[in-house]
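Worksheet for the structure shown next.
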Amino acid sequence: MTGVFNYGILLNTYLVPFGLKIIAALAIWVVGSILINGFARLARRGLSLRHLDPTLANYAISTIHVALRIVLVMAILEVCGIPTTSFAALIGAAGVAIGVAWSGLLSNFAAGIFLVVLHPFKVGDTITAAGQTGTVMEIGLFMTIITTDNNLRVYIGNNKLFADNIINYSVNDSRRVDQRCQIAGEVDPATAIALLTERVSRIPNVLPTPAVSVSIVEFNALGTLLAVRLFAATADFGQVNNDTNSVIAETARAADWPAPATYQISVPLKMPSAPAASSPHPIQLADRADRATAT
C-alpha cells in the first residue's frame, strides 16, 4: 500500500501538473504561431495598401515575426513555471557567446539594416555588387538574393554587399550607350561621322535629347578611332546597345569601308660590297726584295 500511495503522490504532485503544463505549452505554441502568422499577413497587406517599399516591408515583417516568436517563447516559459528573469540572464550570456561565434552573421544583420535605411537599391533594381550583376529579388535579414541575366540565383551576404561598391542601373530614367568604331586610314573621318550619326539616330527607342554624338577619340596605327554615344531609356538600354553594334557594322559594309589593318613596308637593304685588295706597304716590298737578293 505504501508503494501505491507513494506512486499516487508522485502522479498527482508531479506528473499530472507537469503533463498539464506541457499540454498548455503546446497549445500556446500552436495558437500563438497561428496568431503570429495571421498578424504578419495582415501587416503585410496593410503595408502593401499604403504602397510601402517592398524592401522595407519585407524587412519589417521579418523583424516583427522574430520579435513575436521571442515573446511567445517567454510566455511558454512562464506557463511552465520557469522564471524568465533568470532565463533572461541566461539568454544574455548565451547572446554574448553567440555574438562572438557568429560575428559574421551579426555583421550581415547590421549591414541589412543599413541597406534598408540608406536605400541604395530596392527589390526589382538591376545592380552590380560583390562581383555579381543581376536583378534584386529579395533583401533579407542576413543576405540579399539576386537573379543574374543567365537566370542564376545568387545569394550574397549583406555585409559583403554593403562593403563593396554598388552600381544601380535602374535608379535613373535613362542610360548612355558607349560604342567604338575603328575606321581605316583611307576613310575620311568627317564623312564617317556624318554617316554614322544619321544611321544611329534612326535606331528605335533612341532618345532625341541629348543628341547622338559621334566624335574622334584618337588616331592610331589602324586609322581613326570614333566614339559613338547616344542615350536610351533604362528599360530599352539592352535593345539600343545591341542595335547600335549592328548599325555600325551595316554602315561600314554598305559604305564599303576597307578593314582597318596595319601596313608594313619592306625596304631592301643594300648588301655591303667586298673590300678592295690593299696594296702592300713599302716596308713589305723592301723586305721581299732583301729576301730575293739573299737567295
Scan segment 157-166 and tell me whether some residue there is over 17 Å from Pro54 (Cα atoms), modelled with pLDDT of 90 or more, open to solvent by less than 80 Å² (accessible area, probe 1.4 Å) and in a strand (DSSP E or B). yes
Top-ranked residue in segment 137-154 [being in a strand (DSSP E or B) and touching a residue at least 24 places away in the same chain (Cβ under 8 Å); ranked as surrounded by the fewest Cβ atoms within 10 Å (Cβ to Cβ)]: Glu138
Looking across segment 217-262 at residues that are surrounded by 14 or more Cβ atoms within 10 Å (Cβ to Cβ) and of a type in the set (Val, Ile, Thr), the single one that is farthest from Ala190 (Cα to Cα) is Thr234
Listed by range, helices (runs of 4 or more DSSP H) wholly within segment 12-114 having at least 2 residues that are modelled with pLDDT of 85 or more and open to solvent by 60 Å² or more (accessible area, probe 1.4 Å) are 16-49
Of everything in segment 167-190 that's of a type in the set (A, V, I, L, M, F, W, C) and part of a strand (DSSP E or B), which residue is nearest to Asn242 (Cα to Cα)? Val177
Any residue at all in segment 189-203 that is surrounded by 15 or more Cβ atoms within 10 Å (Cβ to Cβ), under 26 Å from Thr262 (Cβ atoms), aliphatic (A, V, I, L, M) and touching a Lys or Arg at 6+ places or on another chain (Cβ under 9 Å)? no
Need the failing condition index for Leu118 against (1) in contact with a Phe, Trp or Tyr (Cβ under 9 Å, 6 or more places away or on another chain); (2) surrounded by 14 or more Cβ atoms within 10 Å (Cβ to Cβ), just the number. (2)
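The values are calculated or read from the model by the stated rules, or taken from the named source; none is laboratory data. On a predicted model such as this, the values are computed, not experimentally measured, just so you know. Neighbour counts are summed over all protein chains in view; Cβ atoms, including those assigned to glycine, are modelled from backbone coordinates with ideal geometry. Keep in mind that these areas ignore ligands, DNA and RNA; they rest on the heavy atoms of the full protein, side chains included. Shrake-Rupley method; radii C 1.70, N 1.55, O 1.52, S 1.80 Å.
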